[in-house]
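What follows is one structure encoded as structure tokens, with my remarks underneath.
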Amino acid sequence: MPFQDISGQHLAKRILQNHLRSKTLSHAYIFSGPKGSGRKQTAMTLVQAIYCQERTDDACGECVECRRVAHGNHPDVRWIEPDGASVKIEQVRELQKDLSYRASASQKKIYIIDEAEKMTVQAANSLLKFLEEPGSDIMAVLLTENGQALLPTIRSRAQWISFVPAPPKTMADTLLQEGIPAPLALPAVHLVAGIAAARELSQAEWFAEARSVMLQLARESLSRKTVAAITAQQKLLKGTLAEHLGTVLDLWILWFKDMVQIQFGRNDDVVYIDQLDWMSKTALTKEPGFWVAGMEQVMEVQKRIRFNANPQLSLENLIFGIQGG
Ligand SMILES: [Zn+2]
């Protein structure tokens, strides 16, 4: 896919296209940024652009070379990911042997290492030797959530490209254009860092249910606390949603934030836009401090559950702790 179709990451795309245009590609790149921020897609486009038959500073996405890269069967490209917990020296050696036997001697050879921070020291050193070989036409793209965790010797030999989390508004616009309904797209973009992750979350089967159970809990916790406790027990702590308790609580925090936004008249920023009617009526019955306190209480419960507190007790404390009318 062409660079312009990758959402956000304008600086990263500009640097890479400049390098392509001026034929000053580095031997190694570090794409550092949060999961879902487009590192993989950008690596794919960069590799396509290098081989593309139609364009010099971009990928057409249509030619034979672009398609081979996209389908993972380009002879000069290798993708590596951790084998178990780490990227091992055997994997790097295998790669070197493999690529040095390739017939197409004239072409640049490229390998992309995903989760590069998981390279063992030996693997990283082996990689370094590879990068330093004079006259070699090999390029490495290291994808990582934490570039600082890479060996300094690798960092100093590679061109660093930062991937920033896309702003939620930008991601939401993209998802809405793709036809994902606003009630799912809007909360999803606030919970994850990148468009790919937001798309996946908003389309997950359990996510719509998580959202509706949270809304039910939020409503019941204000007045019918015993009912809310039963809802938590029956709908949240059993079945699929039990695995996603953290997300349900995140959704609840967003709901409390919405209540504060409504109090300050910032309805455009509301996430649960389809619930605006009853939320508006309810929001104004309390002081802003009430909703802020609710948000803090949910965060506290999240923390306790992370430290292995009993989820059911913690949720009950939360429900009965929210001072309803
Ligand atoms: Zn092409």
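Report for region 3-162 the percent antiparallel among DSSP-assigned beta bridges with both residues inside it, nearest 5.
5 percent
Using the charge dipole of region 3-162 (Lys, Arg: +1 at Cβ; Asp, Glu: -1 at Cβ; taken about the Cα centre), state which of N18, M139, A149 has its Cα farthest towards the positive end.
Final value for the positive-end residue is N18.
Find how many whole Å separate the alpha carbon centroid of region 197-269 from the alpha carbon centroid of region 290-313.
If we compute the Cα centre of each part, the gap is 13 Å.
What translational D, rounded to a whole number of µm²/s, comes out for region 204-321 from Stokes-Einstein when the hydrodynamic radius is the Kirkwood one over Cα pairs, at 4 °C and 1.567 mPa s? Display every interim value, and only then the final one.
Numbers: Rh = 14.4 Å.
For the chosen part, D equals 90 µm²/s.
Checking the cross-link filter: which lysines have an alpha carbon closer than 18 Å to that of K13, excluding same-chain neighbours under 8 positions apart?
Within reach: K23, K35, K40.
Using just the Cα positions, wrap the chain in a convex hull and report its mean projected area in square nanometres, one decimal place. Mind showing how you got there, number by number?
Working: hull surface 76.9 nm².
That works out to 19.2 nm², a quarter of the Cα hull's surface.
Can you give me the solvent accessible area of T174 with a 1.4 Å probe, rounded to the nearest 10 Å²?
40 Å²
Per DSSP H run of n ≥ 4, the term is -39500 (n - 2.57); total these for the chain, divide by its residue number, and report the mean residue ellipticity at 222 nm rounded to 500 deg cm²/dmol.
Details: 15 runs with 172 residues, N = 325.
Helix contribution divided over all residues of the chain: -16000 deg cm²/dmol.
Calculate the FRET efficiency for N73 and K129 from the Cβ-Cβ distance with a Förster distance of 35 Å, rounded to the nearest 0.05. Spell out each step's value before the answer.
Details: r = 28 Å, r/R0 = 0.79.
FRET efficiency, N73 to K129: 0.80.
Report the accessible area of V192, computed with a 1.4 Å probe over the heavy atoms of all protein chains in place, in Å² rounded to the nearest 10.
50 Å²
Near the amide H of W79, under 5 Å away, which other amide H atoms are found, from residues 5 or more places off or on another chain, if H is placed in the peptide plane?
I112
Based on the alpha-carbon gyration tensor of region 1-40 and its eigenvalue square roots a ≥ b ≥ c, which shape applies: rounded if a/c is under 1.5, prolate if not and a/b is larger than b/c, or oblate? Don't jump to the answer; show the numbers that get you there.
Working: a/c = 2.38, a/b = 1.36, b/c = 1.75.
It comes out oblate by the Cα gyration axes.
7 Å from Cα along Cα→Cβ at both N308 and W278: what's the point-to-point distance in nm?
Between N308 and W278, the simple spin-label model gives 3.9 nm.
Quick one: dipole size for region 3-162, taken about the Cα centre, charges +1 on Lys/Arg Cβ and -1 on Asp/Glu Cβ, in debye to the nearest 20. Provide the component values of the computation, followed by the final result.
Numbers: 21 positive and 19 negative charges, 51 e Å.
For this selection, approximately 240 debye.
Pairs of Cα atoms under 8 Å, at least six residues apart: use those to get the relative contact order of region 204-321, whole percent. Intermediate results must be reported in sequence, preceding the final value.
On the way: 92 pairs, mean separation 33.7, N = 118.
Reported relative contact order: 29 percent.
Please work out whether region 3-162 counts as rounded, prolate or oblate from its C-alpha gyration tensor, where a ≥ b ≥ c are the square roots of the eigenvalues and a/c under 1.5 means rounded, while otherwise a/b larger than b/c means prolate and anything else oblate? Walk me through the intermediate numbers first.
On the way: a/c = 1.57, a/b = 1.20, b/c = 1.30.
Verdict is oblate for region 3-162.
What does the charge count near F290 come to, summing +1 for each Lys or Arg and -1 for each Asp or Glu among other residues with Cβ under 14 Å from its Cβ?
Counting the neighbours of F290, the net charge comes to -1.
Average the reciprocal distances over every distinct pair of alpha-carbons in region 268-325, invert the result, and give the Kirkwood radius in Å. Please list the in-between numbers first.
Working: mean 1/r = 0.0772 Å⁻¹.
In region 268-325 this quantity evaluates to 13.0 Å.
No solvent, one uniform scatterer per C-alpha: report log10 I(q)/I(0) for region 151-210 via the Debye equation at q = 0.17, 0.24, 0.25, 0.29 1/Å, two decimals.
For region 151-210 at q = 0.17, 0.24, 0.25, 0.29 Å⁻¹, log10 I(q)/I(0) is -0.56, -0.86, -0.92, -1.17.
If you average 1/r across every pair of different Cα atoms in region 212-265 and take the reciprocal, what Kirkwood value do you get, in Å? Present the calculation step by step, with values, prior to reporting the outcome.
Details: mean 1/r = 0.0859 Å⁻¹.
11.6 Å is the Kirkwood radius here.
The values are calculated or read from the model by the stated rules, or taken from the named source; none is laboratory data. What you are looking at is a predicted structure, and each value in this text was computed from that prediction instead of being measured. All Cβ positions, glycine included, derive from the backbone under ideal geometry; neighbour counts span all protein chains shown. Surface areas here come from the heavy atoms of the whole protein model, side chains and all, with no ligands, DNA or RNA. Shrake-Rupley method; radii C 1.70, N 1.55, O 1.52, S 1.80 Å.
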